[in-house]
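Notes follow once the structure below has been shown.
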Amino acid sequence: MEPFISLDGLVVPIDRANVDTDAIIPKQFMKSIRRTGFGPNLFDEWRYLDHGEPGQDVSTRSPTPGFVLNQPRYQGASILLARANFGCGSSREHAPWALHDWGIRVLIAPSFADIFHGNCLKNGMLPIVLAAREIDALFADVAAAPGFRLHVDLSNQTVTRPDGRTLGFGIDPFRKHRLLNGLDDVGLTLARATEIEAYEKRRLAVEPWVFADLR
């Protein structure tokens, strides 16, 4: 997992509350456990007029006029601005995979569903919770200013607006450590490889019968 330290990114708004994971990536696309390839089908049912299926060439499909992901001004966005309870519904990890594959690295909302929030952090994405009034102001600014960008600094836990004003956000210290150092669950385990190896050697000496079939 790549470390997340800071990001200066274009903001794309999803101005709907209670966006569930089936809206983020519909169930028919959950036929792969590879973490890539889901970006073209992010928000598929909102993004296209026709029904999508895995393996379709999206260039032949009919995009929904006006939907934010189809608007040129939001192409290349890496920060998603959302409303309350974003990522509710099922616990599918494919939802953050799809967002990440499209290019999203930071999500800002008044609240997130708990499992989705955790899945984002485990996939190198930073979900930021801000007060509803701050979210309202950001939505207004994004609508008024094409190309609206924010600077996110995880070390200092700040979101900086184009005019220089900053907003602070909270994050669990251990989760912050994981993001700053690019440690997913496998990375955390490998960081203790020396201790694990020493434990296995001690166990082999004390309980050799446990390892009899592995020799």
Counted residues, segment 161-215 - those being surrounded by 12 or more Cβ atoms within 10 Å (Cβ to Cβ), touching a residue at least 60 places away in the same chain (Cβ under 8 Å) and part of a helix (DSSP H, G or I): 4
Taking only pairs six or more apart or across chains, which ones have beta-carbon atoms under 8 Å, a first residue in segment 120-147 that is without any contact (Cβ under 8 Å) to a residue 24 or more places away in the chain, and a second residue that is of a type in the set (Lys, Arg)? Asp141/Arg161
Across segment 63-98, the tally of residues that are within 22 Å of Ala145 (Cβ to Cβ), touching a Leu at 6+ places or on another chain (Cβ under 8 Å), of a type outside the set (Phe, Trp, Tyr) and surrounded by fewer than 21 Cβ atoms within 10 Å (Cβ to Cβ) stands at 3
Among helices (runs of 4 or more DSSP H) completely within segment 77-148, the ones holding 3 or more residues that are modelled with pLDDT of 95 or more and aliphatic (A, V, I, L, M) are 94-102, 132-144
Only unsatisfied item for Asp20, checking (1) in contact with a strand residue (DSSP E or B) (Cβ under 9 Å, 6 or more places away or on another chain); (2) free of Cβ contacts under 8 Å to residues at least 60 places away in the same chain, is (2)
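Going by the conditions given, is Ala77 in the same structural domain as Asp141 (by TED's automatic domain parsing) and out of contact with any helix residue (DSSP H, G or I) (no Cβ under 8 Å at 6 or more places or on another chain)?
Working: in the same structural domain as Asp141 (by TED's automatic domain parsing): yes; out of contact with any helix residue (DSSP H, G or I) (no Cβ under 8 Å at 6 or more places or on another chain): yes.
Against the criterion (in the same structural domain as Asp141 (by TED's automatic domain parsing) and out of contact with any helix residue (DSSP H, G or I) (no Cβ under 8 Å at 6 or more places or on another chain)), Ala77 qualifies.
For the subset of segment 21-49 comprising residues that are in a loop (DSSP other than H, G, I, E, B) and surrounded by fewer than 13 Cβ atoms within 10 Å (Cβ to Cβ), which member is modelled with the highest pLDDT? It would help to see each step written out before you state the result.
The initial filter retains those residues of segment 21-49 that are in a loop (DSSP other than H, G, I, E, B), namely 25-26, 30-38, 42-43, 49.
Narrowing further to those that are surrounded by fewer than 13 Cβ atoms within 10 Å (Cβ to Cβ): 31-34, 36, 49.
Numbers: Lys31: 82, Ser32: 79, Ile33: 80, Arg34: 82, Thr36: 87, Leu49: 96.
Filtering first and then ranking leaves Leu49.
Among the listed residues Pro110, Pro127, which satisfies the condition of being surrounded by fewer than 22 Cβ atoms within 10 Å (Cβ to Cβ), within 17 Å of Thr158 (Cα to Cα) and of a type outside the set (A, V, I, L, M, F, W, C)? Even if it seems obvious, please write down each step before you answer.
Values: Pro127 fails: surrounded by fewer than 22 Cβ atoms within 10 Å (Cβ to Cβ).
Going through Pro110, Pro127 in turn, just one is surrounded by fewer than 22 Cβ atoms within 10 Å (Cβ to Cβ), within 17 Å of Thr158 (Cα to Cα) and of a type outside the set (A, V, I, L, M, F, W, C): Pro110.
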From the residues in segment 9-60 that are out of contact with any Phe, Trp or Tyr (no Cβ under 6 Å at 6 or more places or on another chain) and among the polar types (S, T, N, Q), which one is nearest to Asp136 (Cα to Cα)? Asn18
Looking at Phe169, Phe112, can you tell me which residue is within 18 Å of the chain's Cα centre (by Cα), in the same structural domain as Ile24 (by TED's automatic domain parsing) and either closer than 24 Å to Ile33 by Cα or among the hydroxyl-bearing types (Ser, Thr, Tyr) (or both)? Phe112
Consider segment 172-215. How many of its residues are acidic (Asp, Glu) and more than 22 Å from the chain's Cα centre (by Cα)? 5
Could you grab me the full set of residues in segment 50-62 that are loosely packed, with under 15 Cβ neighbours inside 10 Å and not hydroxyl-bearing (Ser, Thr, Tyr)? Asp50, His51, Glu53, Pro54, Gly55, Asp57, Val58
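The values are calculated or read from the model by the stated rules, or taken from the named source; none is laboratory data. Predicted model, so just to flag it, every value in this text is computed and none were measured. For neighbour counting, all protein chains shown are included, and Cβ atoms are generated from backbone atoms with ideal geometry for every residue, glycine included.
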